[in-house]
């Protein structure tokens, strides 16, 4: 079955999160995803609050920009979430927006090298290993978590370009794709991820999470078109969906058929009823998605 969730966009102020979490939980939403976008809201702090305000809801952070965070800190925070809320936290890491990284003096000369070193160290720390490494960016001297997760933790990587998609297949446990990914883009991403997995002789599953820009209601088409144009992707075919639950479920199905395991509905930044969007996802769209 295709997993389905929705995004709490950080264009909403942090104080709106509690009501959104309660709405999501009450509606039976499976997953609520948060973003650590500069300079809006912190991913781990928001995720911790969302998890504490809910009992069943899975909360994803997609994603943490690795240039901003020492890998040991990310390991500590991820382990803490998983020990406090077993099985309900989902953590993704990635390059971050390079312009933002430049603004804070954290832009890496080789983002791919940084992400590779980061994923290797982070996953080892979360397995409870003691890590010493002297990479180009990641440097650890005899570091181990005193309180590692009690069960295996999967780390996802955000990826768009071919090199990072292969890297994700090789070193991450899953991949997050942006809302600028069409069904054909999902197919291409799957092929590149599988190339990375094959090169590393990895078996088992590799979850692919895709955001789907979604608008519903009387002005849905106009809001969707405006956001696609603002993002510079209006000419890309088969991006986003506007319409009722049936239309949205069909768009989810196309992404699932292309290789997505989880589809996260992403409201437009000007969504007039964020709580209603969560209820729409859980109560109207979910029953139509196999």
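The values are calculated or read from the model by the stated rules, or taken from the named source; none is laboratory data. Bear in mind the structure is a predicted one, so any value in this text is a computation, not a measurement. Quick reminder, even Gly has a Cβ in these numbers, built from the backbone with ideal geometry, and neighbours come from all protein chains shown.
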| query | What number goes with the only condition from (1) buried (at least 23 other Cβ atoms within 10 Å of the Cβ); (2) without any contact (Cβ under 8 Å) to a residue 60 or more places away in the chain; (3) part of a helix (DSSP H, G or I) that residue 170 does not pass? | reply | (1)
| query | In the set 17, 81, 51, which member is under 19 Å from the mean Cα position of the chain (by Cα), under 26 Å from residue 248 (Cβ atoms) and at pLDDT 95 or above? | reply | 17
| note | Those residues of segment 80-113 which are in a helix (DSSP H, G or I) and either crowded, with 21+ Cβ neighbours inside 10 Å or in contact with a strand residue (DSSP E or B) (Cβ under 6 Å, 6 or more places away or on another chain) (or both) amount to 81, 82, 111
| said: If I ask for residues that are crowded, with 20+ Cβ neighbours inside 10 Å and either within 12 Å of the chain's Cα centre (by Cα) or under 27 Å from residue 267 (Cα atoms) (or both), which ones from segment 146-167 would you list? | reply: 155, 156, 157, 158, 159, 164, 165
| request: Keeping to segment 34-59, report how many residues are in a strand (DSSP E or B) and either out of contact with any helix residue (DSSP H, G or I) (no Cβ under 8 Å at 6 or more places or on another chain) or surrounded by fewer than 19 Cβ atoms within 10 Å (Cβ to Cβ) (or both). | output: 1
| In this structure, is residue 121 closer than 22 Å to residue 107 by Cβ, touching a helix residue (DSSP H, G or I) at 6+ places or on another chain (Cβ under 6 Å), assigned to a strand (DSSP E or B) and in contact (Cβ under 8 Å) with a residue 12 or more places away in the chain? | no
| remark: Going through segment 13-33 in order, the residues found to be surrounded by fewer than 17 Cβ atoms within 10 Å (Cβ to Cβ) and in a loop (DSSP other than H, G, I, E, B) are 13, 28
| query | In segment 66-83, which residues are without any contact (Cβ under 8 Å) to a residue 40 or more places away in the chain and touching a helix residue (DSSP H, G or I) at 6+ places or on another chain (Cβ under 7 Å)? | reply | 77, 81
| query | Of (1) under 19 Å from residue 261 (Cβ atoms); (2) surrounded by 20 or more Cβ atoms within 10 Å (Cβ to Cβ), residue 184 satisfies all except one. Which? | reply | (2)
| task | Please determine, by comparing only the residues of segment 198-247 that are touching a residue at least 40 places away in the same chain (Cβ under 8 Å) and part of a helix (DSSP H, G or I), which one is surrounded by the fewest Cβ atoms within 10 Å (Cβ to Cβ). | result | 246
| What is the one condition in (1) under 21 Å from residue 63 (Cβ atoms); (2) part of a loop (DSSP other than H, G, I, E, B) that residue 147 does not satisfy? | (1)
| said: Let me spell it out: the conditions are (1) under 19 Å from the mean Cα position of the chain (by Cα); (2) under 22 Å from residue 175 (Cβ atoms); (3) surrounded by 16 or more Cβ atoms within 10 Å (Cβ to Cβ), and residue 254 meets all of them except one. Which number is the exception? | reply: (1)
